[in-house]
Amino acid sequence: MAPLVSFICGLIFGAGLLISGMTDPQKVLGFLDLFGAWDATLAFVMAGAVAVAATGFAIARRRTTPAFSARFLWPDRNDIDAPLVAGAVLFGIGWGLVGICPGPALVNLAGLSLPIVVYVVAMLAGMIGQNLFGRNLWRRRAAAPRAIETSPLPSRADG
């Protein structure tokens, strides 16, 4: 049942992207162009998405069990760490440069446009790279001993 529910949710999400025009990179770039021909469409789409998500979460929080899963899978972390910040920065740079993010890219993949195909292949390569190398890199950095800076203690001769 979970794959079917996931597929239906993906279809609804993709339809929402198409209907709202968010699969058009020019709409997104227009939103980011604050000092030019600014297009506020994305702000309204985001506000609508937040309202729908907030309503869904409020309903889900009142339930004792989920509808299509054995248990709720709520996030157990709320900290902001280096991998989160690095990922957000990379996402923002990519989004700002080309005006498209993973969801609309997958929707646009149906058109088989070469730039979109290249984008999706690069996105998949980045995901694979993160799974193969990134997690271990961040784990090693977090586990590495850190040098503690100490100043020499004054001796009795220093007065």
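The values are calculated or read from the model by the stated rules, or taken from the named source; none is laboratory data. As the structure is a computational prediction, the values presented were derived from the model and not from experiment. Heads up, the Cβs are rebuilt from the backbone with ideal geometry, glycines too, and the neighbour counts pull from every protein chain shown. The accessibility values were calculated without ligands, DNA or RNA, using every heavy atom of the protein model including side chains. Shrake-Rupley method; radii C 1.70, N 1.55, O 1.52, S 1.80 Å.
Considering only the stretch 16-27, state which residues are part of a helix (DSSP H, G or I) and open to solvent by 40 Å² or more (accessible area, probe 1.4 Å). Leu18, Ile19, Gln26, Lys27 - these are the residues of the stretch 16-27 that are part of a helix (DSSP H, G or I) and open to solvent by 40 Å² or more (accessible area, probe 1.4 Å).
Just checking, does the stretch 74-86 include any residue being of a type in the set (D, E, K, R), open to solvent by less than 90 Å² (accessible area, probe 1.4 Å) and either modelled with pLDDT of 85 or more or under 24 Å from Ser6 (Cβ atoms) (or both)? So far as the stretch 74-86 goes, yes, one or more of its residues are of a type in the set (D, E, K, R), open to solvent by less than 90 Å² (accessible area, probe 1.4 Å) and either modelled with pLDDT of 85 or more or under 24 Å from Ser6 (Cβ atoms) (or both). Which condition number in (1) open to solvent by 90 Å² or more (accessible area, probe 1.4 Å); (2) in contact (Cβ under 8 Å) with a residue 40 or more places away in the chain; (3) of a type in the set (A, V, I, L, M, F, W, C); (4) assigned to a helix (DSSP H, G or I) is the one that Phe68 fails? Just one mismatch for Phe68, condition (4). Looking at Phe7, is it among the hydrophobic types (A, V, I, L, M, F, W, C), over 18 Å from the mean Cα position of the chain (by Cα) and either over 22 Å from Pro104 (Cα atoms) or outside any helix (DSSP H, G or I) (or both)? Here the answer is no, as Phe7 does not meet what is asked.
Filtered by the rule that a residue be polar (S, T, N, Q) and assigned to a helix (DSSP H, G or I), the stretch 101-126 gives a lone residue, Asn108. Among the candidates Val45, Val89, the residue that is at negative phi, surrounded by 11 or more Cβ atoms within 10 Å (Cβ to Cβ), of a type in the set (Val, Ile, Thr) and modelled with pLDDT of 90 or more is uniquely Val45.
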